[in-house]
């Protein structure tokens, strides 16, 4: 059987690529990477939120080809249920799927106002009202999960799909210096220092290419 291959776009800018990559790591999948160039038209459309459907990340595993982050997660959970990608109990699994699905389909204001950019640092960034409502909802989800499942991750002692889905939000909160309560700030710090996150961020900062539209001064 050939090694699985995950096709991604920019590690600096692509939140969906980060989610897919973390999911593969959490599932314990042995995979290689193919990074699409940032000057590819489809890649730029995805990064600038101009594409109606994102085809990156895309996982090719033997004869299976699956795109869309949640579809990748469900495929890997079926193949590797012992990995802990989803919680053990039905109630917690359902909750995990719900908050992951909310991240997958919502928070448009947060995405557009605070684009992922791991090389950037905006200590005096002003969050507009629409984005603040999204931030408040994220914080509410985190608090509920951390209190219900006793942390340190959203669903207990191990990172799950939900942590992968919200990891790019942690990078955004870090980049734009979003003010958080201590519980949520500690969660962001923990996610940002995970070995897989450190590896991804180091690779992102080493990327030579920039997308000018995402390098504007905010």
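Nothing in this text is a laboratory measurement; each read-out follows from the coordinates by a stated rule. Keep in mind that what you see is a predicted model, and the values were worked out from it rather than measured. Here the Cβ is made from the backbone with ideal geometry for all residues, glycine too, and neighbour counts use every protein chain on show.
Give me the number: length gained by fully extending residue 4 to residue 158, i.e. 0.36 nm times residue separation minus the C-alpha to C-alpha distance, one decimal in nm.
Length difference between fully extended and current span is 53.0 nm.
Given R₀ = 35 Å, what would the calculated FRET efficiency be for residue 192 paired with residue 63, taking r from the Cβ atoms and rounding to 0.05?
Between residue 192 and residue 63 the formula returns 0.45.
Between residue 34 and residue 119, what is 0.36 nm times their sequence separation minus the Cα-Cα distance? Round to one decimal in nm.
28.5 nm
Run through all the Cα pairs of the range 90-200 and give the fraction in each 10 Å bin from 0, expressed as whole percent.
Computed distribution, short to long bins: 14, 50, 32, 4, 0.
Just rank 116, 165, 190, 183, fewest to most, by other beta-carbon atoms within 10 angstrom.
With the fewest neighbours first, 116, 165, 190, 183 line up as 183, 190, 116, 165.
Along the Cα→Cβ direction, 7 angstrom out, place labels at residue 137 and residue 80. What is the inter-label distance in nm?
Label-label distance for residue 137 and residue 80, simple model: 3.0 nm.
In deg cm²/dmol and to the nearest 500, what is the mean residue ellipticity at 222 nm of the chain if only DSSP H runs of at least 4 residues count, each as -39500 (n - 2.57), divided by the residue total? Kindly include the intermediate steps, with their values, before the conclusion.
Working: 9 runs with 110 residues, N = 218.
Computed ellipticity for the chain at 222 nm equals -15500 deg cm²/dmol.
So if I average 1/r over every pair of distinct C-alpha atoms in the chain and take the inverse, what Kirkwood radius in Å does that give?
One over the average 1/r among Cα pairs gives 17.6 Å for the chain.
Among DSSP bridges having both ends in the chain, what percentage is antiparallel? Round to the nearest 5. It would help to have the intermediate numbers written out before the result.
Details: 8 of 13 bridges.
Here the share of antiparallel DSSP bridges comes out near 60 percent.
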